[in-house]
Amino acid sequence: MRFSPKSLPYRAGGNVFKRSRIIYRQGCTFPPNCVICSRDWPSTIVPWFKKHKTKRTLLANDTSPNGVYSGLRQQALTRRSSEIGIVPASDTEAWGVLMEWEYKGINLTLLTLADGTTSLYISNGGGVIGGQSHETVRRASAALLAEVNSQLAHLRKCETFPPPEVDHTIFYVLTDAGMLCGGGLSDDLGYNRHVLSAAFHAGHELLTQLRLVSEAAT
């Protein structure tokens, strides 16, 4: 029996793909000139919409306009806390988390930061931004970061950031001391057979709250 909580977008009738706000319009250019298609989600609250000197590496399954998914993902993975005004309590404290999984050739990246910034990037060109303006999303974001910080001993340092394998979920954890990562089979994580299962469930609770506020805004 496969793990299939209601929060998973592909187990909930494709809600994320069908009903979440699509933030990339066909024909748009790469940030910072990216077109935000809804006035309800101001670009000023998304610090990743800034030019970065790191050259983009296009992922194999990125079908978003102009490779915007790969670009946003890479910016999230290479930013420093000082660049976006986050001051962690220590070099080893996690101040950001990317939770990634793959489904039917599509990559999904859930990003959350210590300042409440929360976004979902999808490799087919969709996504959700601006969730941090909602208290329910901010609480779920803080819960995920707290859980990840309690599990740092179970993560490893990493210098490369490949997308997750099929049926796997991976966490990339941002600290001032360097990137940490960990993950496993999504079924093992979902059915509490993995040391990072609590972080997995916290991540999907955050995803659920982000989906709910997105649906309420439509």
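The values are calculated or read from the model by the stated rules, or taken from the named source; none is laboratory data. Only a predicted model underlies this, so the values are computations on that prediction, with no experimental measurement involved. Note that we place each Cβ from the backbone using ideal geometry, even for glycine, and neighbour counts take in every protein chain shown.
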Q) For residues in segment 62-73 being of a type in the set (S, T, N, Q) and in contact (Cβ under 8 Å) with a residue 60 or more places away in the chain, which is surrounded by the fewest Cβ atoms within 10 Å (Cβ to Cβ)? A) T63
Q) Residue check, V213 against (1) part of a loop (DSSP other than H, G, I, E, B); (2) in contact (Cβ under 8 Å) with a residue 60 or more places away in the chain; (3) among the β-branched types (V, I, T), all met but one. Which one? A) (1)
Q | Those residues of segment 118-142 which are modelled with pLDDT of 95 or more, crowded, with 19+ Cβ neighbours inside 10 Å and either part of a loop (DSSP other than H, G, I, E, B) or out of contact with any strand residue (DSSP E or B) (no Cβ under 9 Å at 6 or more places or on another chain) (or both), in sequence order | A | S123
(Q) Return the residues of segment 103-115 that are modelled with pLDDT of 95 or more and either assigned to a loop (DSSP other than H, G, I, E, B) or on the phi > 0 side of the Ramachandran plot (or both); say none if nothing qualifies. (A) A114
Q: Name the one entry in A177, A198, A146 that is part of a loop (DSSP other than H, G, I, E, B) and among the small types (G, A, S).
A: A177
Q) Do we have Q151 as closer than 22 Å to D187 by Cα, surrounded by 14 or more Cβ atoms within 10 Å (Cβ to Cβ) and not aliphatic (A, V, I, L, M) here? A) yes
(Q) Can you tell me which of (1) over 18 Å from L98 (Cβ atoms); (2) modelled with pLDDT of 95 or more is the one A199 doesn't meet? (A) (1)
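Kindly provide the set of residues from segment 103-121 that are among the β-branched types (V, I, T) and more than 9 Å from the chain's Cα centre (by Cα), ordered by number.
If we filter segment 103-121 for residues that are among the β-branched types (V, I, T), which is where we start, we get 106, 109, 112, 117-118.
Across segment 103-121, the qualifying residues are I106, T117.
Going by what's in this entry, would S197 be described as loosely packed, with under 14 Cβ neighbours inside 10 Å and out of contact with any Lys or Arg (no Cβ under 9 Å at 6 or more places or on another chain)? Outline the logic, then answer.
Details: loosely packed, with under 14 Cβ neighbours inside 10 Å: no; out of contact with any Lys or Arg (no Cβ under 9 Å at 6 or more places or on another chain): yes.
Considered against the rule, which asks whether it is loosely packed, with under 14 Cβ neighbours inside 10 Å and out of contact with any Lys or Arg (no Cβ under 9 Å at 6 or more places or on another chain), S197 comes out as no.
Say whether the condition of being over 24 Å from H204 (Cα atoms) and touching a helix residue (DSSP H, G or I) at 6+ places or on another chain (Cβ under 9 Å) is met by at least one residue in segment 112-132. So that I can check it myself, show each step before the final result.
Looking only at segment 112-132, we keep the residues that are over 24 Å from H204 (Cα atoms), and these are none.
No - not one qualifying residue is present in segment 112-132.
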Q) Before we move on, is A146 aliphatic (A, V, I, L, M), surrounded by fewer than 24 Cβ atoms within 10 Å (Cβ to Cβ), out of contact with any strand residue (DSSP E or B) (no Cβ under 7 Å at 6 or more places or on another chain) and closer than 20 Å to T169 by Cβ? A) yes
